[in-house]
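The values are calculated or read from the model by the stated rules, or taken from the named source; none is laboratory data. Note that the coordinates shown come from a computational prediction; the quantities given were computed from them, not determined experimentally. Neighbour counts run over all protein chains shown; Cβ positions are idealised from the backbone, glycine included.
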């Protein structure tokens, strides 16, 4: 459990450190082009992924806080129960836990999540995101990969009977 908690802590630390640098360097709404397809920004997201419920009037902050606390508690229980040889799931849980806590800190302290990475092309913009979002996404993709792998393994086992 300890290495995965260290990973989660590292995600939180890097996420909060970078967000603090962005807040110190950029005013809200600023955009600094880095490449023709990438900018550093300081945007605030009061919603969830892709700004879902971002303009819901404020109640969503508390919903997302409760969901993050509940999911973090679930992940801590799962980490405690996780056999030591399940390293991929430990990685999954550590990344998702760190990402959830990183964005939870923003919601509790600021009332919004600070996003700063923006990919775009012409008039197309991918929603801005942050380090916590990257950890959540990588963890979720790995989790889906584990589930697909387990389903295939079970199917092969069933067919061989």
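Quick check on this structure: which one of 63, 95, 76 is without any contact (Cβ under 8 Å) to a residue 60 or more places away in the chain and under 29 Å from residue 3 (Cβ atoms)? Don't jump to the end; show me each part of the working.
Numbers: 63 fails: under 29 Å from residue 3 (Cβ atoms); 95 fails: without any contact (Cβ under 8 Å) to a residue 60 or more places away in the chain.
Just a single option satisfies the conditions, and that option is 76.
Test each condition in (1) under 22 Å from residue 128 (Cα atoms); (2) at pLDDT 95 or above for residue 76 and report the one that comes out false.
Only one criterion in (1) under 22 Å from residue 128 (Cα atoms); (2) at pLDDT 95 or above is unmet by residue 76, namely (1).
Cβ-Cβ distance below 6 Å, separation of 6 or more or different chains: which pairs start in segment 114-141 with a residue that is closer than 11 Å to residue 103 by Cα and end on one that is part of a loop (DSSP other than H, G, I, E, B)?
Listed pairs, sorted by first residue: 115/128; 115/130.
Looking at segment 102-141, which of its residues are buried (at least 22 other Cβ atoms within 10 Å of the Cβ) and out of contact with any strand residue (DSSP E or B) (no Cβ under 8 Å at 6 or more places or on another chain)?
102, 131, 135, 136, 139
Give the residue that is nearest to residue 81 (Cα to Cα), with candidates limited to residues of segment 95-140 that are in a helix (DSSP H, G or I) and more than 11 Å from the chain's Cα centre (by Cα).
Of all residues in segment 95-140, those in a helix (DSSP H, G or I) come to 95-110, 131-140.
Remaining after also requiring more than 11 Å from the chain's Cα centre (by Cα): 105-110.
Working: 105: 26, 106: 29, 107: 29, 108: 28, 109: 31, 110: 33 Å.
Only one residue fits best here, namely 105.
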